[in-house]
Amino acid sequence: MATKPILSVSGVAKTFILHLREGARLPVVNGAGFDLYAGECVALGGPSGAGKSSLLKMVYGNYRVDDGAIRVRDGDEVVDVATAPPRRLIRLRDTTMGYVSQFLRVIPRVGARDVVAEPLIHDGVAPEEATKRAGELLARLNLPERLWALPPATFSGGEQQRVNIARGLIAHRPLLLMDEPTASLDAANRAVVVQLIEEKKRAGVAILGIFHDAEVREAVCDRVIDVTSFGQMAA
Ligand SMILES: Nc1ncnc2c1ncn2[C@@H]1O[C@H](COP(=O)(O)OP(=O)(O)O)[C@@H](O)[C@H]1O
Ligand SMILES: [Mg+2]
């Protein structure tokens with residue numbers, strides 16, 4: 001194949017050491033390997049506790065990797081997240097890799113629309129333009145305009161999740177990681193998220209996600225990677 005993967009995971013292993021439990025070892029994944037290409041959406045599948053979120057956090061560089069490589073293409077360079085120095089990882093997140101977490105990390109006193117606009121402003125978009133685009137995205141996600149100026153701390157779970165999705169999707173990143181982005185949404189808003197994901201795919205974005213909702217998964221995902229197939233080493 002002529003095109004190269006944007007993400008290539010190979011031989012990845014991780015075991016949690018539980019220091020509060022006399023150093024008990026909890027193996028999560030071993031020998032995890034797969035490639036992800038521009039414009040495709042791939043789901044991590046498997047039962048609760050299989051290691052899906054842990055794998056996603058390793059790709060984003062939030063969890064240390066014990067063994068193996070997580071190579072991400074960044075323009076002409078390839079960065080191995082497993083060994084990259086922290087500064088290189090931060091730059092990789094600025095240029096290439098976005099993450100939509102399961103829950104919004106609430107920033108005190110910052111209004112919802114500003115929370116959403118912030119990544120664009122960070123990318124160098126003029127604040128006025130960034131704020132306008134944030135409002136458009138929140139409108140698409142049916143977040144009532146009366147909430148836009150309010151900090152999301154007191155929002156409902158579904159409202160917070162929509163702010164979180166808007167914040168995660170507003171800036172362009174060629175590789176997007178999503179952890180259960182629709183868990184607290186009603187059917188109408190799930191459909192909006194499906195549309196937004198389809199638009200990202202058409203723009204060539206590669207998506208690796210956890211989609212517990214089968215309908216959403218079937219609508220957007222091109223394949224499912226079963227995380228349980230990455231055999232867990234004996235403890
Ligand atoms: N930070 C952590 N420290 C210790 N154990 C963890 C940590 N994160 C996850 N685990 C454990 O690793 C296993 C996989 O968890 P997770 O990756 O969240 O699974 P999934 O997302 O597939 O439900 C679980 O047994 C979980 O308790
Ligand atoms: Mg999980």
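We did not get these values from a lab; they are worked out from the coordinates using the rules stated. What you see is a predicted model, and the numbers here were worked out from it, not measured in a lab. Glycine also receives a Cβ, built like all others from the backbone with ideal geometry; neighbour counts cover every protein chain displayed.
The number of Lys pairs in the chain with C-alpha atoms less than 27 Å apart, excluding pairs fewer than 8 positions apart on the same chain, is 13. Net charge around residue 204, counting only other residues with Cβ within less than 12 Å of its Cβ (Lys, Arg = +1; Asp, Glu = -1)? Surrounding charge for residue 204 is +2.
For the residues 24, 134, 50, a GNM of the chain with alpha-carbon springs under 10 Å puts the largest fluctuation on 24. Build a GNM of the chain with springs between Cα atoms under 10 Å: which of 102, 195, 161 gets the top mean-square fluctuation? In this elastic network of the chain, the residue with the biggest mean-square fluctuation among 102, 195, 161 is 195. Think of it as helices only: each DSSP H run of n ≥ 4 in the chain is worth -39500 (n - 2.57), and spread over all residues that comes to -10500 deg cm²/dmol at 222 nm.
The stretch 8-62 has equivalent-ellipsoid semi-axes of 25, 12, 10 Å, by the square roots of 5 times the alpha carbon gyration tensor eigenvalues, sorted largest first.
Ordering 154-160, 172-178 by mean Cβ neighbour count within 10 Å, with the highest value first, yields 172-178, 154-160. Each 5 Å bin from 0 upward holds the following percent of the Cα-Cα pairs of the stretch 147-218: 3, 15, 28, 26, 16, 9, 3, 0. Given the chain, what whole percent of its Cα pairs are spread farther than 31 Å? Percentage above 31 Å: 24.
For the stretch 40-140, the Kirkwood estimate of the hydrodynamic radius, built from every pair of different alpha carbons, is 15.9 Å.
When the chain is treated as a GNM with alpha-carbon contacts under 10 Å, the residue of 44, 26, 18 showing the greatest mean-square fluctuation is 18.
Of the trypsin sites (Lys or Arg not before Pro) found in the stretch 75-135, the ones in coil according to DSSP and having at most 11 other Cβ atoms within 10 Å of their Cβ are 105, 109. Annotation for the stretch 48-82 versus the stretch 175-211: alpha-carbon center distance of 20 Å.
The DSSP beta bridges internal to the chain are antiparallel in roughly 55% of cases. Put a dot 7 Å past the Cα of residue 3, heading toward its Cβ, do the same for residue 24, and the two dots end up 4.5 nm apart. Radius of gyration over Kirkwood radius for the stretch 105-171, both on Cα atoms: the Rg/Rh ratio is 0.92.
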